[in-house]
Amino acid sequence: MTEVTPTRFSAIIVYGGLCLALGALSWSLVVAAGIHRGRTEAYDQPVAEYSGPVGPPSDAVLVPVIGAARDAALLDHVWYVLDRSGARLHRIDATGAHLGSFAGEGGGPGELRMPRAITNHGDTVVVAEWRSIVLYKPDGTIIERRRVEFPGGCPGAAAADVTSSSRGLLLLARCAPGGEFEAIVVQEASQSGQQPVAFRAVSPDDEKVGTAFRDMVVLAAHPHGFVFGHPNDACLGIFDVDGEVTDSVCHDWIQRQPYTAVESEDWEGLHTAARSLGVTVRVPEFYPPFHQVFVDDDVGLVYSTPVAGRIDQSQLVSDNGEHGTVLEIPPADAVFLEGNSVLAVWYDADATWVRVYDTDGR
């Protein structure tokens, strides 16, 4: 499971812009494995908006120990929430009750250094750090930390997401400018090493044009392997466990939300810095159509899309053959789906609220 970042879009654009100001090259819209890249110019099939009340529902549970949920994974009916505040892991049951926390920021046994994502793999909780993975038992006892060695062609590779497959763990890494690839998926079948299975290639045509939201490439487990791509592509690729493209699933039916003039002011200083490095920053007209994708056996692909007028919140929209079916779950500041379970998280100035749903909104 991933969030590219299950964060707010306003924060993503600022962080993305900072990377561009440091000289980041543009993201190509070509998948090297051979998926045809399409660009949607018109979005004439609007997605319905959630029509219920805004904010945490009356039966949401107060969980003050959660500062900001970065990612979450479900194991044996317990949600493990990776907290970007303090690098803690919080255990939340199906009622929303807090069952305890473990890990924490640091270099000691069981502590985490710059954690990026979390998944379950069998009966193990797995956290991806920048260049390593940390394995825990469900009770929080550390099993081991393993170094990740990414292949050449992806300089400065840093893990951005992790998910499970039948062959082992799949890790998504984003590459620094100057390499052959922009992003790479590697398969870690054992401690002995990793094998690259999918790539996004650098386009020389755009190497001096910085593109907003360049880091929002997504990865998700799929019954036939995994889903991989960028929201700004018209389609995501479906890969088998060997990294071969078996199909694609398109999302050009999702209505995109416009990037506002107020937010564009954030780019003024970045433009100046980028120009000094010879990089032209391309200001977006729209937010990407989604920032996370999940795969559910019953519902199909489910996208976490920004809500019109409330860009900082997300709603879940499924594509089960009927484009744009909104799940009956209130928009939330962070939302995660695994199996038939959905964890929704809301923040206010003083507290964090959670509610666990099934995909029918119950």
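The values are calculated or read from the model by the stated rules, or taken from the named source; none is laboratory data. No experiment lies behind these values; they were computed from the predicted model shown. When we count neighbours, we look across all protein chains shown, and the Cβ atoms used for this are built from the backbone with ideal geometry, even at glycine.
A few notes on this one:
- The residue of region 280-294 that is nearest to GLY339 (Cα to Cα), among those that are part of a strand (DSSP E or B) and at pLDDT below 90, is PHE286.
- Flag not set for ARG91, criterion: without any contact (Cβ under 8 Å) to a residue 60 or more places away in the chain, among the charged types (D, E, K, R) and within 30 Å of GLN257 (Cβ to Cβ).
- PHE181, sole failed condition from (1) touching a residue at least 60 places away in the same chain (Cβ under 8 Å); (2) in contact with a Leu (Cβ under 9 Å, 6 or more places away or on another chain): (2)
- Of all residues in region 122-147, those being surrounded by 19 or more Cβ atoms within 10 Å (Cβ to Cβ) and not in a loop (DSSP other than H, G, I, E, B) number 7.
- Pairs linking a residue in region 342-362 that is on the phi > 0 side of the Ramachandran plot to a residue that is of a type in the set (Asp, Glu), with Cβ atoms under 7 Å and 6 or more positions apart or on different chains, are GLY361/GLU328.
- Residues being under 28 Å from LEU337 (Cα atoms) and either surrounded by 22 or more Cβ atoms within 10 Å (Cβ to Cβ) or without any contact (Cβ under 8 Å) to a residue 40 or more places away in the chain (or both) - total across region 148-164: 6
- Matching residues, region 94-114, being without any contact (Cβ under 8 Å) to a residue 60 or more places away in the chain and either within 20 Å of ASP296 (Cβ to Cβ) or in a strand (DSSP E or B) (or both): HIS98, LEU99, GLY100, SER101, PHE102, ALA103, GLU105, LEU112
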